[in-house]
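This report concerns only the one structure given below.
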Amino acid sequence: MTDRSNSRIRGSGKRRRAPGKRSRATTVAAWSAAALVLVGGSGLGYAYFKLDGNLKGVDINAQLGGDRPANTDNGSEDILVLGSDSRAGANAKYGEDGGGARSDTAMIVHIYKGHKKASVVSVPRDTLINRPACTDSDGKTVSGEQEAMFNTAYEAGGPACAVKTVEKMSGIRMDHYIEVDFTGFKTLINDLGGVKITTTESINDPKSHLKLAPGTHTLDGEKALGLVRTRHSVGDGSDLGRIQLQQAFIKALMNQVKSVGVFSNPKKLYDVADTATRAITPDSQLDSVNKLVGFAGGLKNLGTDDVKMITLPVQYDPNDGNRVLPLEKASQQVWTALRHDRPIPASATKDSAGDKGDADRVVTNR
């Protein structure tokens with residue numbers, strides 16, 4: 001049983017220098033990474049001036065100050081990728097706006113030295129953690145909270161608070177932050193011409209408005225959005241099953257990007273690049289096309305077999321079946337491996353509730 005008082009996982013790291021001009025990294029993470037996949041592989045120089053204005057960055061470093069894990073200098077990169085579930089504006093059709101956005105999808109992406117391999121750790125939004133005090137974008141201090149849901153960090157203090165929460169959990173300094181919203185994701189999938197998946201059984205989720213028969217489907221933006229939000233009709237109906245669907249979908253998306261002929265079609269290239277740069281909110285170190293392309297230049301060399309995706313090791317909260325608690329020892333295995341740029345050991349997830357669902361067998365990328 002996990003000790004509630006220790007559900008926030010800490011760690012330490014060695015010094016990491018700021019990435020130089022030749023530093024190249026790539027990120028693969030649920031649907032939030034879709035924009036990065038495309039920007040990194042599209043070669044956007046010809047449309048630089050038009051596309052550069054689409055990017056609006058957030059200065060995470062200024063808000064976090066010096067109370068952070070130490071940088072490490074091992075050639076790796078760590079990125080927090082969030083998908084915001086705000087129901088304001090164009091996203092209102094997906095539900096009422098409850099007063100603020102939450103991080104509906106959260107993944108820590110670790111790019112290994114040499115940028116030929118990556119690991120992705122999904123953090124369930126219902127994970128109970130001890131959220132640290134943080135500073136929001138207006139400079140106001142947001143009080144910490146014991147046993148708060150992980151996704152309230154973004155709601156309480158925005159991107160910087162989400163980053164600080166992840167850093168306190170993992171002991172790993174995030175080099176970058178990238179956020180994508182619902183509407184941008186949907187448009188991006190449409191620009192690509194849809195994404196092909198195969199379902200091994202029917203999906204009928206009235207909450208996400210998705211209904212699919214068993215078989216092969218090319219999902220448009222609306223259906224793709226429904227898939228990555230589906231949880232009630234697959235696996236055990238929890239957020240853990242939804243994460244498995246997201247991970248299967250992003251691998252299908254990776255395959256699709258390589259096969260749609262974006263690079264040989266200038267109009268499609270521009271449409272995809274325009275949508276991608278409008279869809280994401282990066283940190284201020286990536287808030288220009290030039291910086292973003294330089295950062296993600298190695299992404300096109302990563303295939304689905306080069307990316308290991310797991311869910312943070314958790315157990316269901318015995319006091320509330322709708323919440324999960326980090327498995328402290330197993331989670332420490334995950335964070336220690338990433339801090340030292342090593343593969344995540346299989347033993348870290350063998351007892352995790354997130355590794356026992358069957359939603360990952362419902363959708364394949366073949």
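The values are calculated or read from the model by the stated rules, or taken from the named source; none is laboratory data. Here the structure is a predicted model, which is why all the values come from computation and not from measurement. Methodologically, a virtual Cβ is constructed for each residue, glycine included, from the backbone with ideal geometry; neighbour enumeration extends over all protein chains shown. Surface accessibility is based on the protein's heavy atoms, side chains included, excluding ligands, DNA and RNA. Shrake-Rupley method; radii C 1.70, N 1.55, O 1.52, S 1.80 Å.
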Can you put Arg242, Arg231 in order of accessible area, largest first, using a 1.4 Å probe?
Arg231, Arg242
Each label sits 7 Å from Cα toward the beta-carbon; between Lys196 and His209 the label points are separated, in nm, by 2.7 nm
Kirkwood-based Rg/Rh on the Cα set of region 98-237 evaluates to 1.02
With every protein chain present, what is the per residue accessible area of region 280-354 (1.4 Å probe, Å²)?
41 Å²
Sparse-neighbourhood loop hits (trypsin sites (Lys or Arg not before Pro), region 146-215; DSSP loop; Cβ within 10 Å at most 16 others) -> Lys207
Per residue of region 215-230, what does 6.51 cos²θ - 1.76 cosθ + 1.60 with θ = phi - 60° give for ³J(HN,Hα)? Whole Hz please, x for Gly and Pro, Karplus curve as stated.
x, 9, 9, 9, 7, 7, x, 5, 6, 5, 5, x, 5, 6, 9, 6
HN-Hα couplings for region 279-289 via Karplus (6.51, -1.76, 1.60; θ = phi - 60°), in whole Hz with x for Gly/Pro, come out as 6, 9, 10, x, 6, 5, 7, 10, 8, 9, 4
Would you pull out the residues with amide H under 5 Å of Glu147's amide H, same chain only if 5 or more places away, H placed 1.01 Å from N?
Ile129, Asn130, Arg131
Efficiency of FRET between Lys267 and Asn319 - r from beta-carbon atoms, R0 45 angstrom, step 0.05:
0.25
Rounded to the nearest 0.05, what FRET efficiency do Thr364 and Gln146 give with R0 = 51 Å and r taken as the Cβ-Cβ distance? Could you check?
0.80
Order His115, His209 by their accessible area, 1.4 angstrom probe, all chains in place, largest first.
His209, His115
Which whole-number percent gives the relative contact order of region 176-321, counting Cα pairs below 8 Å spaced six or more residues apart?
28 percent
For Cys134, what accessible surface area do you get with a 1.4 Å probe? Give it in Å², rounded to 10.
10 Å²
With all protein chains present and a 1.4 Å probe, how do Tyr316, Tyr177, Tyr112 order by accessible area, largest first?
Tyr316, Tyr112, Tyr177
Backbone HN-Hα couplings from phi across region 55-66 [Karplus 6.51/-1.76/1.60, Hz, Gly and Pro as x]:
8, 10, x, 10, 8, 5, 4, 5, 6, 7, x, x
